[in-house]
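The values are calculated or read from the model by the stated rules, or taken from the named source; none is laboratory data. Since this is a predicted model, take the numbers as computed values, not measurements. Cβ atoms come from the backbone with ideal geometry, glycine included; neighbour counts cover every protein chain shown. SASA here: full protein model, heavy atoms, side chains in, ligands and nucleic acids out. Shrake-Rupley method; radii C 1.70, N 1.55, O 1.52, S 1.80 Å.
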Amino acid sequence: MTQVNGTTHHDHQILIAGDIADQSRAVGPVLDSLGIRFIHVKTGEAGLKEIEKTKEPFSLIICDQRMDGMEGTKFLARIKEVSSGTIRFLITGYSQMDVIISAVNKGAVHRYISKPWEPDQMAQEIRSGLLKYEHHLESGQLHTLAKRQNGKLYELNC
């Protein structure tokens, strides 16, 4: 996050996880058109390692339900534990609705996107997800400011 002329600019980074070789080729052009940096990994384990080594948290994670070694819903549930503010999207072409509904209800998935998807639709979903992430960051900043100001008020009252 940077300040430019008094305006906050968020430097978003997105993680794409999926064992389908064309996943990043499909989502990548959409992210490029939005000017957003992204990293592609093929497995959930690789995604977790990427999150551990990255200094800045990912704003958004987009993953496929079917990945080698770990289903997307399980991967996103693990992401929720280690990076709860990160927005999480699940893409699938398979209808495992009970699994998807459970993941959404548990809060591990913010958005479910079915294949095939349109680039304009994906761009809108990504913009919406990044806006939600920005609101999460700003809410945290406001909470910290309120705590600090309440502490000062308490000192003044004493």
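Determine the pairs where a residue that is under 21 Å from Leu130 (Cα atoms), located within the range 89-100, has a partner that is of a type in the set (Lys, Arg) and loosely packed, with under 14 Cβ neighbours inside 10 Å with Cβ atoms under 7 Å apart, the partner being 6 or more residues away or on another chain.
These pairs meet every condition: Ile91/Lys115; Thr92/Lys115.
Search the range 31-42 for residues that are surrounded by fewer than 19 Cβ atoms within 10 Å (Cβ to Cβ) and pair each with any residue that is among the acidic types (Asp, Glu) when their beta-carbon atoms are under 7 Å apart and the residues are at least 6 apart or on different chains.
Pairs found: Ile39/Glu50.
As an exercise: evaluate Pro119 against (1) closer than 17 Å to Ile14 by Cβ; (2) at pLDDT 85 or above and give the number of the one condition it does not meet.
Among (1) closer than 17 Å to Ile14 by Cβ; (2) at pLDDT 85 or above, the lone unmet condition for Pro119 is (2).
Considering only the range 50-62, how many residues are over 10 Å from the mean Cα position of the chain (by Cα) and surrounded by 15 or more Cβ atoms within 10 Å (Cβ to Cβ)? Steps first, answer last, please.
First pass over the range 50-62, keeping only residues over 10 Å from the mean Cα position of the chain (by Cα): 50-56.
Checking the rest, the ones that are also surrounded by 15 or more Cβ atoms within 10 Å (Cβ to Cβ) come to 50-51.
Within the range 50-62, residues that are over 10 Å from the mean Cα position of the chain (by Cα) and surrounded by 15 or more Cβ atoms within 10 Å (Cβ to Cβ) number 2.
Are there any pairs with C-beta distances below 9 angstrom linking a residue in the range 114-137 that is open to solvent by less than 70 Å² (accessible area, probe 1.4 Å) to a residue that is acidic (Asp, Glu), with the two at least 6 apart or on different chains, and if so which?
From the range 114-137, the pairs are Lys115/Asp64; Trp117/Glu125.
Go through (1) buried (at least 16 other Cβ atoms within 10 Å of the Cβ); (2) in a helix (DSSP H, G or I) for Tyr154 and report which single condition fails.
The single condition Tyr154 does not satisfy is (1).
If the requirement is being at pLDDT below 90, closer than 18 Å to Asp11 by Cα, in contact with a helix residue (DSSP H, G or I) (Cβ under 8 Å, 6 or more places away or on another chain) and not β-branched (Val, Ile, Thr), which of these qualifies: Ser59, Ser33, Ser102? Even if it seems obvious, please write down each step before you answer.
Numbers: Ser59 fails: at pLDDT below 90; Ser102 fails: closer than 18 Å to Asp11 by Cα.
None of the other options fit; the residue is Ser33.
Checking Val82 against (1) under 17 Å from the mean Cα position of the chain (by Cα); (2) more than 19 Å from Gly44 (Cα to Cα); (3) open to solvent by 10 Å² or more (accessible area, probe 1.4 Å), which single condition isn't satisfied?
For Val82, the exception is condition (2).
Which numbered condition in (1) more than 18 Å from Leu130 (Cβ to Cβ); (2) at pLDDT below 85 is the only one that Gly44 fails?
Checking Gly44 against (1) more than 18 Å from Leu130 (Cβ to Cβ); (2) at pLDDT below 85, the one that fails is (2).
Can you pull out every residue in the range 61-100 that is touching a Cys at 6+ places or on another chain (Cβ under 9 Å) and among the small types (Gly, Ala, Ser)?
Correct list: Gly72 only.
Enumerate the pairs (first residue in the range 62-77 and in contact (Cβ under 8 Å) with a residue 24 or more places away in the chain and within 19 Å of Val27 (Cα to Cα); second residue anywhere and among the acidic types (Asp, Glu) and open to solvent by less than 40 Å² (accessible area, probe 1.4 Å)) with beta-carbon separation below 8 Å, excluding pairs fewer than 6 apart on the same chain, so at least 6 apart or on different chains.
Pairs found: Gly72/Asp64.
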